[in-house]
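Have a look at the structure below, then the notes.
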Amino acid sequence: MLRNAAFHHIELPCEDLELVERFYTIVLGARVYMRRDASRRPNVPFAGTIAEAEENGFQIDATYLKIGDFRIGFLKRVQLHNQSEIDHLAFVIDDEELGSLARRLTEYKIEVVYQDTDQMMIRDPFGLMLELWPRSVLRKMGLL
């Protein structure tokens with residue numbers, strides 16, 4: 001039995017690490033905290049762009065992002081998001097962030113799949129559904 005276990009991260013396949021970094025950092029405010037070199041060399045730079053790291057001889061095959069306390073890794077490989085894989089990710093956001101998020105989605109022409117007063121659903125560049133829940137809504141539901 002696991003005692004005092006906590007969720008650390010999830011890893012997902014993606015075809016374009018640069019695109020995934022831009023989407024998650026610009027749209028959702030994530031930060032890159034680690035990148036992985038295909039040959040597992042140490043001291044892989046996580047500042048700057050992946051292209052810059054590769055110009056310095058690294059072959060980046062994964063990037064790891066942090067959104068709040070949530071860690072998500074993306075592995076460079078062909079992905080097929082369907083029901084046999086992960087269906088969606090859900091994030092809790094501060095109620096005040098809804099307006100600025102809506103503006104960023106419009107600015108970057110990101111389709112809002114569904115929205116009502118309780119939640120918003122969008123897709124990342126690879127088709128993965130992202131649910132965004134305001135804290136107040138989850139509190140009312142007894143889920144926080």
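The values are calculated or read from the model by the stated rules, or taken from the named source; none is laboratory data. Only a predicted model underlies this, so the values are computations on that prediction, with no experimental measurement involved. As a convention, Cβ positions derive from the backbone with ideal geometry for all residues, glycine included, and neighbour counts pool all protein chains shown. Calculation scope for accessible area: heavy atoms of the full protein, side chains included, ligands and nucleic acids excluded. Shrake-Rupley method; radii C 1.70, N 1.55, O 1.52, S 1.80 Å.
Things worth noting here:
- Region 85-114 residues that are over 22 Å from residue 72 (Cα atoms), paired with ones that are in a helix (DSSP H, G or I) (beta carbon under 6 Å, 6 or more apart): 95/136
- Considered as a group, the residues in region 1-36 that are of a type in the set (Lys, Arg) and closer than 20 Å to residue 61 by Cα include one that is least open to solvent (accessible area, probe 1.4 Å), and that residue is 35.
- Boolean, residue 104 is among the charged types (D, E, K, R) and within 17 Å of the chain's Cα centre (by Cα): yes
- Members of region 48-63 that are of a type in the set (S, T, N, Q) and assigned to a strand (DSSP E or B): 63
- Residue match in region 91-102 (condition: open to solvent by 30 Å² or more (accessible area, probe 1.4 Å) and closer than 22 Å to residue 16 by Cβ): no
- Pair list, Cβ under 8 Å, 6 or more apart: region 55-66 residue in contact (Cβ under 8 Å) with a residue 12 or more places away in the chain and hydrophobic (A, V, I, L, M, F, W, C), other residue in a strand (DSSP E or B) and open to solvent by 30 Å² or more (accessible area, probe 1.4 Å): 60/36; 60/76; 62/11; 62/36; 62/76; 65/31; 65/33; 65/71
- Only a single criterion out of (1) farther than 28 Å from residue 15 by Cβ; (2) touching an Asp or Glu at 6+ places or on another chain (Cβ under 7 Å); (3) open to solvent by 60 Å² or more (accessible area, probe 1.4 Å) is not satisfied by residue 136, namely (3).
- Region 49-78, residues that are farther than 15 Å from residue 126 by Cβ, surrounded by 13 or more Cβ atoms within 10 Å (Cβ to Cβ) and either in contact with a Ser or Thr (Cβ under 7 Å, 6 or more places away or on another chain) or not small (Gly, Ala, Ser) (or both): 49, 50, 54, 58, 59, 60, 61, 64, 66, 67, 70, 71
- In the set (1) farther than 18 Å from residue 13 by Cα; (2) among the small types (Gly, Ala, Ser); (3) at pLDDT 90 or above, residue 102 fails one condition alone, (3).
- Members of region 20-47 found to be hydrophobic (A, V, I, L, M, F, W, C) and either in contact with an Asp or Glu (Cβ under 9 Å, 6 or more places away or on another chain) or not in a helix (DSSP H, G or I) (or both), listed by number: 20, 23, 27, 28, 30, 32, 34, 38, 44, 46, 47
- Pairs with Cβ under 6 Å, 6+ apart, first in region 20-32 and on the phi < 0 side of the Ramachandran plot, second assigned to a helix (DSSP H, G or I) and open to solvent by less than 10 Å² (accessible area, probe 1.4 Å): 30/24
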